[in-house]
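Asker: Following this message is one structure expressed as structure tokens.
Values in this text are rule-based calculations from the coordinates and carry no lab data. Model, not experiment: these values are computed from the prediction. Cβ: placed from backbone, ideal geometry, glycine included. Neighbour counts: every protein chain shown.
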Amino acid sequence: QVLLVESGGGLVQAGGSLRLSCATSGRTASRYTMAWFRQAPGKTREFVAKITSNSNTYYADSVKGRFTIARDSAKNTVYLQMNSLKPEDTAVYYCAFRDSPYGSSIPQTYDYWGQGTQVTVSS
């Protein structure tokens with residue numbers, strides 16, 4: 001069992017920044033993938049960014065150049081630095097863990113999820 005706890009969401013004006021954190025605990029594989037997804041009201045959950053166990057990173061086109069995913073292995077924490085935020089970034093952001101070194105952008109392939117943290121960007 002892997003427990004994921006997100007934090008760092010909030011309300012920010014367009015153009016501002018937020019940093020989300022995802023603390024992990026419990027059994028973790030040596031080779032795995034961590035990712036961030038988001039879900040806006042009335043929309044399906046969409047991929048935002050992922051980082052593999054060898055630190056390869058991938059981003060959705062909509063956030064490329066604005067968001068950065070990073071991992072602190074000593075703290076068992078994954079971060080999502082979000083800059084130049086736009087109103088369309090408003091959503092609940094979820095951290096996810098996949099027990100595989102092969103990254104995926106499909107939510108159904110992830111094994112564990114956090115509870116989500118709300119990000120609201122005002123115009």
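Asker: Show the residues, 5+ positions off or on another chain, whose built amide H is closer than 5 Å to the amide H of SER53.
Answerer: Placed amide hydrogens put TYR32 under 5 Å from SER53.
Asker: On to the next question. Give, as a single signed number, the net charge of other residues whose beta carbon lies under 10 Å from the beta carbon of TYR79, with Lys and Arg counted +1 and Asp and Glu -1.
Answerer: +2
Asker: Evaluate Rg over Rh across the chain, taking Cα atoms for both radii and Kirkwood's formula for Rh.
Answerer: Here the Rg-to-Rh quotient is 0.94.
Asker: Take every Cα pair under 8 Å in region 13-97 that's 6+ residues apart, average their separations, divide by the length, and report that relative contact order as a whole percent.
Answerer: Averaging sequence separation for qualifying contacts and normalising by length gives 42 percent for region 13-97.
Asker: To continue, here is another question. For LYS86, list the lysines whose Cα falls under 18 Å from its own Cα; do not include residues on the same chain fewer than 8 positions away.
Answerer: List returned: LYS43, LYS64.
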